[in-house]
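Here the structure is laid out as structure tokens; the discussion comes afterwards.
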């Protein structure tokens with residue numbers, strides 16, 4: 001919230017009306033059309049100092065601060081929303097069991113195309129548009145960086161445009177490659193890949209992969225809970241945005257985890273139990289995030305860490321996964337390139353749109 005300034009408008013009858021001005025109003029008053037120079041800068045700084053010392057405007061500033069603090073969620077709201085969000089994500093962690101009978105069908109693969117792309121859109125947009133601005137203290141309509149949301153939305157648009165360019169270039173290269181005959185070495189490579197995929201049934205190697213996956217999932221869920229807890233102590237809209245990003249990322253992630261654990265030879269009950277244990281770690285992160293957010297100013301560092309994590313997962317993990325999905329679909333002949341391209345772009349755009357709407361309209365969310 002900006003400070004206010006005070007000026008006197010003297011009329012012909014020498015009456016004086018005191019008006020409290022904000023930083024922007026003072027700047028516009030003294031800069032005029034020529035902009036700030038040495039004289040106007042000195043006058044504007046004097047006006048700002050006077051406004052800070054003026055008891056009338058100082059009283060209005062304090063009232064404004066009270067109203068703004070009232071928008072911060074109460075402790076009960078932070079805990080309530082946080083626990084509900086975390087519980088939904090824990091439930092999602094075991095939803096993969098319901099999809100087990102159809103995991104190898106074309107319909108399930110199409111759902112995964114959309115879900116992975118949706119996760120890229122929500123994670124990337126939340127990191128760039130929500131978490132990083134919050135960590136830098138530039139969020140809000142009265143922040144120090146004008147139109148920061150539109151500038152960051154433009155950055156998101158740049159990511160999307162270059163993703164399209166990369167996919168189109170790759171698509172063109174594959175079309176040229178299809179016009180050539182498949183060599184014998186390529187056929188042998190495909191056969192070796194098939195043998196390798198069947199070798200995943202060995203208990204030793206796959207068991208190690210499964211335990212490593214569960215450990216990584218637990219650490220990831222802890223970081224997600226930390227970000228959600230800190231976000232809900234700051235603002236309801238911020239907490240909802242972070243929770244949606246985590247939820248959309250967890251859905252395809254957990255579906256893939258369940259498939260890997262079952263493929264490793266685990267029984268359904270054991271896979272669900274271990275995956276559940278990895279998921280409930282999110283509550284630990286949530287508790288620490290809420291406690292830290294309510295009692296310290298370290299939540300800005302949590303936002304910065306989570307923002308970097310979200311952007312990394314979106315760009316370094318999920319986009320390569322999207323590319324691998326497209327290549328696998330082409331090799332196996334499950335879907336045409338156009339269907340995969342459409343579903344992935346739909347997921348990206350929906351993910352971007354969800355976060356942009358929450359970021360721009362989030363101030364209207366009240367509890």
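Couple of notes before you dig in:
- Residue order, fewest to most surrounding Cβ atoms within 10 angstrom, among 343, 272: 272, 343
- In terms of the mean number of neighbouring beta-carbon atoms within 10 Å, the peptides 316-324, 296-304, 97-105 order highest first as 296-304, 316-324, 97-105.
- Judged by the mean number of other Cβ atoms found within 10 Å, the most tightly packed of the peptides 106-114, 156-164, 120-128 leads the ranking 120-128, 106-114, 156-164.
- Rounded Å value of the spacing that divides the Cα centres of segment 227-258 and segment 74-120: 10 Å
- Rounded if a/c under 1.5, otherwise prolate or oblate - segment 73-364, Cα gyration tensor axes: oblate
- By average C-beta atoms within 10 angstrom, highest first, the peptides 346-355, 210-219: 346-355, 210-219
- Cα gyration tensor shape for segment 253-367, rounded if a/c is under 1.5, else prolate or oblate: oblate
- Taking 280, 130 and counting other C-beta atoms within 10 Å, the order from fewest to most: 280, 130
We did not get these values from a lab; they are worked out from the coordinates using the rules stated. Just so it is clear, the model here is predicted, and its values are computed rather than measured. In this analysis, Cβ positions are derived from the backbone assuming ideal geometry, glycine residues included, and neighbour counts consider all displayed protein chains.
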